[in-house]
Each structure stands twice: as structure tokens, then as C-alpha cells.
Amino acid sequence: MELRQLRYFVEVAERQHMTEAAEHLHVAQSAISFQIGKLEAELGVKLFERVGRNVKLTQIGHIFLEHAKKALDAIDQAKAKVDEYLDPEHGTIRIGYLSSLANYVLPMIISSFKREYPNISFHLRQGSYANLIQSVKNGELNLSFIGPVPNDEQLTTHVLFTEHFFALVPDHHSLAEKDSIFLHELKNDDFVVFAKGYVFHKIVIDACQQAGFRPKISAEGEDMDAIKGLVSAGLGVSLIPDQTLYNVPRMTKKISIQHPEVKRSVGMIIGKNRELTPSEKTFYHFVKKFYENLARY
């Protein structure tokens with residue numbers, strides 16, 4: 001079984017047309033047909049069946065396609081790692097991040113890094129808290145920016161900073177003129193929160209329970225802008241991490257919370273059982289140094 005046979009097979013499977021696959025690969029159609037024929041002979045099964053001028057996968061062809069794509073992806077990643085070791089300043093780093101870090105933290109880090117290492121590129125993927133942790137563990141992502149930083153024996157973690165949560169209330173709220181409040185002062189308010197299953201949902205519920213009440217939830221959202229918008233529309237109050245409030249939304253007021261202290265750690269996670277490539281090491285140590293320098297001021 002040869003790599004080109006797998007590449008030809010995947011191309012034909014996705015296009016369902018021999019001629020189009022040949023044109024895209026810049027090879028003769030006869031060459032593709034010959035190599036797929038050899039592949040089917042080696043496997044002892046038919047991978048395609050003809051439908052007029054097109055082809056479609058057989059049942060076993062669908063199964064083989066799933067594994068062939070994974071194999072090719074793994075080989076491509078391995079080749080990229082080899083190339084990176086030969087030239088560490090031209091690597092690609094796959095990074096995950098939470099939506100709450102997308103407007104300020106991530107752009108600040110990457111723009112600063114790119115000024116020093118312009119040839120290292122990034123593949124960025126936003127995800128939920130649980131999804132990012134799992135993607136780092138299984139190797140889909142090289143590292144991820146996350147908060148709060150989990151305590152997990154399968155991960156190497158580094159806390160970059162700790163940020164407090166503020167109450168975000170509509171500007172007509174009775175407490176809107178205050179600079180700080182006790183969280184229990186909001187016990188009679190409706191709350192706008194992230195949907196159940198999101199880490200921010202748990203943070204808000206836990207904080208309110210620590211303050212002696214369970215919040216009345218009037219609306220839920222799945223991203224930070226949605227939560228802010230719902231508060232701005234007067235549908236309730238919310239608790240928002242400080243870094244996401246560098247611009248306070250219109251018709252809202254940001255108020256600090258005296259008690260209880262509501263905060264989260266923000267940092268990086270990598271898989272404990274994998275070695276960082278040269279470009280990943282460069283980025284990882286750059287980010288650590290970047291926040292060490294910030295902490296001095």
C-alpha cells in the first residue's frame with residue numbers, strides 16, 4: 001500500500017468523479033484508476049461502484065475512507081514536525097482558546113509574538129472549556145489558553161494571571177451608581193448566564209450560592225457578546241470576567257464585587273506526555289516571559 005494510492009483514493013472519494021480528481025491532482029485518469037485498482041486488489045474488496053459517469057463509495061469504502069483520512073493527516077503532521085525541526089522558525093502551532101479570551105488576551109499575545117517571530121504561523125480554534133481540554137489531551141491541539149486552569153494529571157499547566165469577575169447590570173438598575181457591591185445585593189435580580197455545561201455557568205452559580213442565594217435565571221447564552229447584549233437589553237444582571245469588559249457595553253454598568261471574591265485563573269495547558277516542538281517551545285516560553293514582564297508593572 002502506497003501513500004499516493006491513499007491520496008488518490010481520498011480525492012476520488014470526496015469528488016465522486018475520476019476525471020475531476022485527476023484534474024485536481026494533475027495526473028492522468030488512467031493512472032488514478034490503475035492505482036485504485038491495485039489498492040482494491042491488495043485489500044481484497046471493492047471501494048467504489050460506478051453510477052453513470054460518477055463513482056460512489058461502497059459500504060466498506062466509507063469505512064476505509066474514515067481511516068485513510070486519519071492516516072494521511074497523521075503522516076502530514078509528522079512531515080510538518082520533521083520540517084519544523086529542520087527549520088524551527090517556520091513551524092505552525094495549533095492553539096485552542098475560549099471565546100472570553102478572543103477579544104483582548106489572544107490578540108495581544110499573538111501580535112507581540114509575531115513581531116519577534118514573523119515566520120511562525122498559527123492554526124487557531126475556538127472551543128468550549130471541556131472540548132479544549134480533551135483536544136489538548138488527544139493531540140488535536142498543541143496547547144490551549146483556558147480559564148480557570150484545570151487541575152488534571154494528564155496536563156502540564158501554567159497560570160499566566162488571575163482575574164476578578166465584575167457584576168454587569170443595566171444602567172437603569174438601582175445599584176448602577178455604586179462602585180462596589182456585595183453579591184447578595186443581587187439576590188432578587190434575574191440573572192443572565194452561560195448555558196448549563198459551560199464553565200462560566202458553574203462559576204456564577206457557585207458564587208451566588210456562596211453569597212447565600214441561588215440565582216433566578218431569566219436568560220442563557222453561549223458566548224460573551226450574547227450575555228452582554230442580554231444584560232444591555234435589560235433582561236437581567238450577570239457576572240463577567242474583567243478582561244472581557246475592557247469596553248463596557250452600552251446601557252450597562254460594571255460594578256466590582258466586595259464579597260465573595262469571584263475570580264478565575266487564566267493560563268496555558270499542554271499534554272503532559274508529549275514533547276513540544278521547537279516552535280511550540282519558543283511560543284510557550286515567550287508567553288510565560290511576556291506575563292512575567294507584565295506582572296512587574
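Scan the stretch 265-272 and tell me whether some residue there is surrounded by fewer than 18 Cβ atoms within 10 Å (Cβ to Cβ), basic (Lys, Arg), in contact (Cβ under 8 Å) with a residue 12 or more places away in the chain and not in a loop (DSSP other than H, G, I, E, B).
Within the stretch 265-272, not a single residue is surrounded by fewer than 18 Cβ atoms within 10 Å (Cβ to Cβ), basic (Lys, Arg), in contact (Cβ under 8 Å) with a residue 12 or more places away in the chain and not in a loop (DSSP other than H, G, I, E, B).
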Checklist entry - Restricting attention to the stretch 1-33, which residues are among the charged types (D, E, K, R) and over 19 Å from ARG50 (Cβ atoms)? => result GLU2, ARG4, ARG7
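Which helices (runs of 4 or more DSSP H) sit wholly inside the stretch 1-45 and have at least 1 residues that are aromatic (Phe, Trp, Tyr)?
Values: elements: 3-15, 18-25, 29-43.
Once the helices (runs of 4 or more DSSP H) in the stretch 1-45 are filtered for at least 1 residues that are aromatic (Phe, Trp, Tyr), what remains is 3-15, 29-43.
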Item to check | Residue tally, condition open to solvent by 50 Å² or more (accessible area, probe 1.4 Å) and either charged (D, E, K, R) or outside any helix (DSSP H, G or I) (or both), over the stretch 105-121 | outcome: 6
Checklist entry - For the subset of the stretch 122-136 comprising residues that are modelled with pLDDT of 90 or more and polar (S, T, N, Q), which member is least open to solvent (accessible area, probe 1.4 Å)? => result SER135
Next on the checklist: in contact (Cβ under 8 Å) with a residue 40 or more places away in the chain, touching a Leu at 6+ places or on another chain (Cβ under 6 Å) and surrounded by fewer than 20 Cβ atoms within 10 Å (Cβ to Cβ): is that true of LYS254 in this structure?
Outcome noted: yes
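Only residues that are modelled with pLDDT of 85 or more, in a loop (DSSP other than H, G, I, E, B) and open to solvent by 30 Å² or more (accessible area, probe 1.4 Å): list them for the stretch 77-104, please.
Let us first name the residues in the stretch 77-104 that are modelled with pLDDT of 85 or more, namely 93-102, 104.
Now drop any that are not in a loop (DSSP other than H, G, I, E, B), which leaves 98, 102, 104.
Matches in the stretch 77-104: ALA102, TYR104.
Considering each of PRO118, PRO107, PRO148 in turn, give the residue that is farther than 21 Å from LYS281 by Cα and at pLDDT 90 or above.
Working: PRO118 fails: farther than 21 Å from LYS281 by Cα; PRO107 fails: farther than 21 Å from LYS281 by Cα.
Residue meeting the stated conditions: PRO148.
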Checklist entry - Here is a list of conditions, (1) out of contact with any strand residue (DSSP E or B) (no Cβ under 8 Å at 6 or more places or on another chain); (2) in a strand (DSSP E or B); (3) not hydrophobic (A, V, I, L, M, F, W, C), and ARG125 meets all of them except one; can you say which number that is? => result (1)
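Can you tell me which residue within the stretch 20-55, out of those that are open to solvent by 50 Å² or more (accessible area, probe 1.4 Å) and β-branched (Val, Ile, Thr), is farthest from GLU2 (Cα to Cα)? Talk me through it step by step, then tell me what you get.
Of the residues in the stretch 20-55, the ones open to solvent by 50 Å² or more (accessible area, probe 1.4 Å) are 20, 23-26, 28-30, 34, 38, 41-46, 49-54.
Okay, now just the ones that are also β-branched (Val, Ile, Thr), so 45, 51.
On the way: VAL45: 17, VAL51: 27 Å.
Residue satisfying both the conditions and the ranking: VAL51.
If I filter the stretch 137-173 down to residues being within 12 Å of ILE255 (Cα to Cα) and either of a type in the set (Phe, Trp, Tyr) or not in a strand (DSSP E or B) (or both), which single residue comes out as least open to solvent (accessible area, probe 1.4 Å)?
Step one: filter the stretch 137-173 for residues within 12 Å of ILE255 (Cα to Cα), giving 164-171, 173.
Okay, now just the ones that are also either of a type in the set (Phe, Trp, Tyr) or not in a strand (DSSP E or B) (or both), so 165-166, 171, 173.
Details: PHE165: 5, PHE166: 41, ASP171: 79, HIS173: 31 Å².
Among them, the one singled out is PHE165.
The values are calculated or read from the model by the stated rules, or taken from the named source; none is laboratory data. What you are looking at is a predicted structure, and each value in this text was computed from that prediction instead of being measured. When we count neighbours, we look across all protein chains shown, and the Cβ atoms used for this are built from the backbone with ideal geometry, even at glycine. Quick note on the areas: whole protein, heavy atoms, side chains included, nothing else; ligands and nucleic acids left out. Shrake-Rupley method; radii C 1.70, N 1.55, O 1.52, S 1.80 Å.
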